[in-house]
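Contents: one structure, followed by commentary.
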Amino acid sequence: MSRFQVTFSALVVAQAAHSIEEYFGRLWESFPPAAFLTALISSDRAVGFLAINCALVAFGFWCLLWPVRRAWPSATPLAWCWIVIETINGVGHPAWSLRQSAYTPGVLTAPLLLVLALYLAVQLGRTSPPVSRRLTRSPSAEPEIIARGGDTPRADPRST
C-alpha cells in the first residue's frame, strides 16, 4: 500500500475510535448539534448516534477499499472531504473542551484526527494526486505503479 493509502486507513480507524469515545461519552446529551442530528434519525438519540457513526465509519472503509485502494478518480476529492471533516473534528473538540473548561466526549482522539488529516493534506498537496498519475500511465506501466505503491511518478519509457 502507498503512504497515501496507509494514512487514509489510519484516518478511518482513528474516526472509528473517535466515534467510540463519543458514544461512551454520550456526546448527544451534551452537544446540541449532535442532539439535533441524532433526533432526525431516531427518537432514541443513542440509537441515532450509533446509526450516524456506523454509517460514517462504513463509508470511510468503503472509500478506502474501493476508490482509494483502486485509485479511482474520485479518491482525491473524497480524501479532501475526509480531511475537511476530520480537521473540523480535530480543532472543534479541543476548542469546545476549552470553552467548557472540562472534558467533552471526543477530545481525547481529536488530536489524532487532526494530525492524520493534516498529514494526508500534505501528501495530497506535495505531489500530484495518486489517482491522476495512474490515469496518465499506459496499461503496461500498471504493475510497476502497484509495486511502487503509486508514490513516485516515472516517465513512460515509450514517450521518449
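No value in this document is a laboratory result; all are computed from the given coordinates. Given the structure is predicted, the values throughout are model-derived calculations rather than measurements. As a convention, Cβ positions derive from the backbone with ideal geometry for all residues, glycine included, and neighbour counts pool all protein chains shown.
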Neighbourhood net charge (13 Å Cβ-Cβ; Lys/Arg +1, Asp/Glu -1) for ARG45: -2
Ranked by how many other beta carbons lie within 10 Å on average, peptides 64-76, 10-22 from highest: 10-22, 64-76
Amide proton proximity set for SER42, modelled H, under 5 Å, gap of 5+: GLY48
Unit Cα scatterers, Debye sum, the stretch 1-60: log10 I(q)/I(0) for q = 0.16, 0.20, 0.21, 0.30 Å⁻¹: -0.52, -0.71, -0.76, -1.19
Calculated diffusion of the stretch 1-118, Stokes-Einstein form, Kirkwood radius summed over Cα pairs, 37 °C and 0.692 mPa s, µm²/s: 223
